[in-house]
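These notes are about the structure you will find just below.
No lab work stands behind these numbers, since they all come straight from the coordinates. Here the structure is a predicted model, which means the values were calculated and not measured. Backbone-built Cβ (ideal geometry, glycine too); neighbour counts: all protein chains shown.
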Amino acid sequence: MFNKYKDASVNLNDSSDGTSDVIKEQGFLKYGKELGVEDDNDMGLMIVSWKIGAEGQWEFKREEFIEGWVGYGCSGEKEMRKRLDEWRAEIQKSDTEFKKFYYFVFDYLKEDKRTTILTEEAVTVWGMLGIDKKWGLWNKWNEFVTKDTKVISRDNWRQFVDFMKAHPDKVDDYDANASWPTLMDSFVEYVGEHP
């Protein structure tokens, strides 16, 4: 199975020698379709990457793919699709699982040793995670964060989930003396200035 998707990864226009032992690009997308991932807003392949321990962005190395799936007792696309559905459900039902996945997403998306991701990318991913529908202050947050913030740090990314939970639809009870990141302080001020 790995070879099937690895072979689909070889691009005729690719300047590499084709010996890379990795599922990537077209093979990665083809594998996603087999699992029922149909569009760019579906986080299914990112969930699989998280669960099987993939380290590279948008690719699976042979060892990660095989050992990861064997560890879950899956040997075919049908079993993998079923397991992915279970993982999706876990993320939706369990705050703990959601948070683990959410933390993974930042590290998966950041480039090299950077400790930030672009705000535009963060906003897109928050939308893919459904935060725009779950959080009552989303529109204000989106307006605020896209106005002047160029990047989102790992600390801001992680604290955002706790902030959202602590302030589901208003910031009237925000404690400025608590240890929130400066970005959250600035957001609360923004909400006060732009009711």
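If you take the alpha carbon atoms of the chain and fit the smallest convex hull around them, that volume is 137 Å³ per residue.
Whats the longest run of the chain with zero GluC sites (Glu not before Pro) that are DSSP loop and have at most 15 other Cβ atoms within 10 Å?
Result for the longest clean stretch: 112-195.
Evaluated with a Cβ-only charge set (Lys, Arg +1; Asp, Glu -1), the range 1-94 carries a dipole of roughly 320 debye about its Cα centre, given to the nearest 20. Spacing of the modelled spin labels on residue 38 and residue 120, each 7 Å from Cα toward Cβ, amounts to 2.8 nm. Each label point was placed 7 Å from the Cα along the Cα-to-Cβ direction; for residue 148 and residue 72 their separation is 4.3 nm. Highest mobility in the GNM of the chain, judged by mean-square fluctuation with C-alpha springs under 10 Å and restricted to 182, 146, 119, is found for 182. When you restrict to C-alpha pairs under 8 Å that are six or more residues apart and normalise by the size of the range 2-93, the relative contact order lands at 27 percent. The mean sequence separation of alpha-carbon pairs under 8 Å and at least six residues apart, normalised by the residue count of the chain, gives a relative contact order of 15 percent. The charge dipole of the chain, taken about its Cα centre with unit charges on the Cβ of Lys, Arg, Asp and Glu (plus for the first two, minus for the last two), comes to roughly 440 debye. A dipole drawn for the range 65-159 from +1 and -1 charges on Cβ atoms has a positive end, and of 149, 87, 75 the residue lying farthest that way is 149.
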